[in-house]
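Worksheet: one structure, shown below.
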Amino acid sequence: MTNHIDEDLLLKYKLELLEVNDAKRIENHISECKTCLEKSIEVKNQPNVIGGIKLNEENEFYLLDGKKSITTEWIKRAAIILIGFFLGYLTSQLIRPNHVVVVEQNLIPQPQKTVLENFSACSDENIWRGSKNF
Amino acid sequence: MNELGLGRTAKAQNGDQKAWNVLFRKYNRVLLRLAFLILGSLDQARDVVQETFIKLNQIKPKHFEGKIKSYLMVIAHRLALKEKNRLKPFTKISEEHLPQNTDLFIDDQIKAETQHQIYKTISELSDEHRDILILKFYGELSYEEISKTLNIPMGTVKSRIFYAVKICKNKLQEKRIL
């Protein structure tokens with residue numbers, strides 16, 4: 001075979017885009033043609049270069065430690081909500097004003113005066129004043 | 001890359017710290033890179049990775065279709081696109097929005113500059129080409145998985161990946177990186 005393989009075809013071969021028969025034909029040709037072999041080595045490297053970006057920070061660990069941590073987070077949130085409710089209840093109890101019950105005066109039972117107290121109210125002076133009115 | 005079994009995911013979901021660490025160490029890098037390439041911000045990419053693992057924690061293992069890695073990639077990709085769309089009215093990818101600081105990329109000054117240029121080239125691709133390229137090279141998904149993820153025919157996936165790589169190759173050759 002005198003014709004050399006097109007570079008695009010070699011790239012397709014490298015990217016495994018060709019049918020099995022076509023790929024075999026190229027393999028056979030490369031094994032016989034030195035020029036195409038050199039070209040195929042050059043093309044082979046191209047996708048590796050394009051796919052060869054590496055980041056410096058790839059090894060960095062920043063993920064939460066699995067399910068346990070996520071569960072703990074939820075427990076923390078629930079605890080915060082409960083504490084919030086409890087504090088709210090306490091505050092409402094402290095702020096609430098004392099109850100004032102308004103009752104009519106005549107409904108309050110008055111202690112009844114004893115006979116002796118009634119008698120002491122009739123002092124000599126009162127009797128004298130009373131007698132003057134007559 | 002060896003696939004971690006569903007058993008480990010189930011253990012992780014039940015609070016096994018060790019299983020979580022293994023899962024996280026295994027997939028953190030690839031997810032972070034994928035999200036970073038879509039969003040262009042390391043902070044947002046971190047949020048997406050974290051959200052992805054939270055979603056993994058919420059789903060029952062029996063609902064996994066296929067490999068866990070594919071599941072994680074699909075979730076990270078969707079979340080990153082969602083975040084990007086959310087921020088779209090406020091940001092426009094252009095030269096000034098690309099991370100100028102090459103410290104983000106792997107050490108060694110020349111490598112860092114090269115990787116910055118590669119990142120820039122990928123960012124300049126159209127959305128449809130960029131997404132497929134990222135899922136293929138950084139999400140390590142097969143063409144079939146990409147086809148399912150993006151809900152497009154296999155032929156379209158293959159065609160787009162070829163043109164995405166070709167465009168990147170031409171641009172990088174102009175910059176004398178390839």
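The values are calculated or read from the model by the stated rules, or taken from the named source; none is laboratory data. This one's a predicted model, so the numbers in the text were calculated from it and none came from an experiment. FYI the Cβ positions are ideal-geometry reconstructions off the backbone, even for glycines, and counts take in every protein chain you see.
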Cβ pairs under 6 Å, 6+ apart, first in the range B:19-47 and free of Cβ contacts under 8 Å to residues at least 40 places away in the same chain and facing chain A (nearest Cβ under 8 Å), second acidic (Asp, Glu) and outside any helix (DSSP H, G or I): B:Arg29/A:Glu58; B:Leu32/A:Glu58
Qualifying positions in the range B:48-60 - without any contact (Cβ under 8 Å) to a residue 24 or more places away in the chain and at the interface with chain A (Cβ under 8 Å from one of its Cβ atoms): B:Gln50, B:Ile54
One residue from A:Leu87, A:Leu11 being within 53 Å of the chain's Cα centre (by Cα), surrounded by 13 or more Cβ atoms within 10 Å (Cβ to Cβ) and either within 14 Å of chain B (Cβ to nearest Cβ) or at pLDDT 90 or above (or both): A:Leu11
Complete set of residues in the range B:147-159 that are assigned to a helix (DSSP H, G or I), modelled with pLDDT of 90 or more and more than 11 Å from every other protein chain (Cβ to nearest Cβ): B:Ser147, B:Thr156
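Out of the residues in the range B:52-89 that are in a loop (DSSP other than H, G, I, E, B) and not β-branched (Val, Ile, Thr), which is modelled with the highest pLDDT?
The initial filter retains those residues of the range B:52-89 that are in a loop (DSSP other than H, G, I, E, B), namely B:59-60, B:64-67, B:88-89.
This time we only want the ones that are not β-branched (Val, Ile, Thr), so: B:60, B:64-67, B:88-89.
Numbers: B:Lys60: 69, B:Phe64: 61, B:Glu65: 55, B:Gly66: 61, B:Lys67: 74, B:Lys88: 67, B:Pro89: 59.
For the range B:52-89, the residue satisfying everything is B:Lys67.
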Residue within the range A:13-31 that is over 25 Å from B:Met154 (Cβ atoms) and assigned to a loop (DSSP other than H, G, I, E, B) present: no
Qualifying residues in the range B:118-138 (those that are β-branched (Val, Ile, Thr) and under 14 Å from B:Lys166 (Cβ atoms)) - the one surrounded by the fewest Cβ atoms within 10 Å (Cβ to Cβ): B:Thr121
Members of the range B:152-169 that are touching a Leu at 6+ places or on another chain (Cβ under 9 Å) and without any contact (Cβ under 8 Å) to a residue 12 or more places away in the chain: B:Thr156, B:Ser159, B:Phe162, B:Lys166, B:Lys169
Test: residue in the range A:28-39 that is within 7 Å of chain B (Cβ to nearest Cβ), at pLDDT 85 or above and surrounded by 13 or more Cβ atoms within 10 Å (Cβ to Cβ): no
